[in-house]
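The values are calculated or read from the model by the stated rules, or taken from the named source; none is laboratory data. Because the structure is predicted, anything quoted here is derived from the model rather than measured. Every residue, glycine as well, gets a Cβ built from its backbone with ideal geometry; the counts of neighbours run over all protein chains shown.
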Amino acid sequence: MDVIKIFLRPGGAAQFPMHLYFLIAIGKTGRESMYLYEFQGKELFKKFGIPIPDGFVISSPAELDGRQVQWPVAMKSQVLVGGRGKAGGIKFAGSAQEAKGIAESLFSAQLKGLKVRYLLVEGKLDIGRELYVSIAIDTSRKTPVIMVSAKGGVDIEGLSDSEIYMHPIDPFVGFSPYIANILAGKLGLGGGEQGKQFSKLISGMYRLFEEYDAELVEINPLVVTKDGRLVAADSKVVVDQDSLYRHPDLKSSYEDLTPLENEARSKGYSFVELDGTIGVIANGAGLTMATLDTLLLHGLRPRNFLDLGGTDNIETVKNAFPLVMEAKPKLIFVNIFGGVTKCDTVAQGIVAAKKAFNITVPMVVRLSGVHEEEGRAILKEGGIAGLGDMVQAVKMLAQTNK
């Protein structure tokens, strides 16, 4: 089975079936974390005094015309996936003509299934060494942690634990200059001019991490140029989605969502399109994973997933159905464990949707939890199959699908 890797730390990865990608893929649902494009991260780097290469962003090859450029340049596809270099998303140009051809090629192709809408064009660095530096949340310690390695670059995930140094930060004390000295020593930068550069850089990273409610601030690679400068050659910044009201300067990356996902998001629903035939409405990430696994075990593939969240509003349930119907599913499966979301409320919303939107697609509903008996009675009155057991409900779907 195809898998994707989500790196919990450099050198460690969890593997998940591809059908669960929507729960953990970069920026896909936008429910918890917002991943910034490289150029967005570098704009923040510049704001906090972190050195970056000179460059500019284009959204079409024509924007290269008339540009005053210092050749050669790196032309970097801006997509929210890793491994762009190995996938051919980063190329180098030594002239305007070559750059135009590369831009046309990158804009007309897809990178790991994503359309390239922006290119970052920046001066090619004269690389002496490549380092790795990041600040992230350590969920086991409940603190921020700074991770550094003297071996940065495209193969960072292959490093062993012994090649990575981790320094937790007491959130009540914060970042102190002595920490920068320790980290510089681990990277072989010493206490001279490069040590001073690094101290300023890591201090800026930590201020960015705090002020922008970040979950991750990463530079890979942090380049030491042959003339001794430290420059952030790449950026990865992940921000807590729930903090965005405090950061109006950050723009969410809607471009990597499908039109239907965008529509759902604008209406307040977490919605992901998939490649199967079963329209799925559920509530909660844990239940969703169980739902999709159970569907697949019975030979059924989801066409979409829509998360109702913790609503107890009939209209919210009702208005979820037009989005699912736009995906043109063969069958619909509603799987609800009632807590905050009460089963009778969901049942009323389902019956209202069936009448209002003239839904004729076969539907099976599993209701379990608060007011489940009342909910199933409402469904029965509306001519909709309602069960209390998820596996039995999926088996009914499988029989209907034959």
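The table that follows gives values for the structure above.
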read-out	value
Complete set of residues in the stretch 88-102 that are surrounded by 15 or more Cβ atoms within 10 Å (Cβ to Cβ) and either polar (S, T, N, Q) or not in a helix (DSSP H, G or I) (or both)	89, 90, 91, 93
Those residues of the stretch 230-272 which are of a type in the set (D, E, K, R) and either touching an Asp or Glu at 6+ places or on another chain (Cβ under 8 Å) or modelled with pLDDT of 85 or more (or both), in sequence order	234, 236, 240, 242, 246, 249, 261, 263, 267
Subset of the stretch 277-308 (residues that are touching a strand residue (DSSP E or B) at 6+ places or on another chain (Cβ under 7 Å) and surrounded by fewer than 19 Cβ atoms within 10 Å (Cβ to Cβ))	277, 287, 301
Candidates 317, 334, 351, 324 - the one that is under 19 Å from residue 263 (Cβ atoms), touching a helix residue (DSSP H, G or I) at 6+ places or on another chain (Cβ under 7 Å) and either touching a residue at least 60 places away in the same chain (Cβ under 8 Å) or assigned by TED's automatic domain parsing to the domain that holds residue 262 (or both)	317
Enumeration of residues in the stretch 203-248 that are among the acidic types (Asp, Glu), under 25 Å from residue 76 (Cα atoms) and not in a strand (DSSP E or B)	227, 234
Subset tally (residues that are surrounded by 22 or more Cβ atoms within 10 Å (Cβ to Cβ) and either at pLDDT below 95 or among the aliphatic types (A, V, I, L, M) (or both)) for the stretch 363-377	4
Test: residue in the stretch 260-279 that is free of Cβ contacts under 8 Å to residues at least 12 places away in the same chain and of a type outside the set (Gly, Ala, Ser)	yes
Residue under evaluation residue 173, criteria (1) hydrophobic (A, V, I, L, M, F, W, C); (2) surrounded by fewer than 19 Cβ atoms within 10 Å (Cβ to Cβ); (3) at pLDDT 95 or above, criterion not met	(3)
Residue 35 vs. criteria surrounded by 18 or more Cβ atoms within 10 Å (Cβ to Cβ) and at pLDDT below 95	yes
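Quick grid of which residues meet (1) among the basic types (Lys, Arg); (2) more than 19 Å from residue 393 (Cα to Cα); (3) in a helix (DSSP H, G or I):
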site	(1), (2), (3)
290	no, no, yes
306	no, no, no
309	no, yes, no
312	no, yes, no
316	no, yes, yes
334	no, no, no
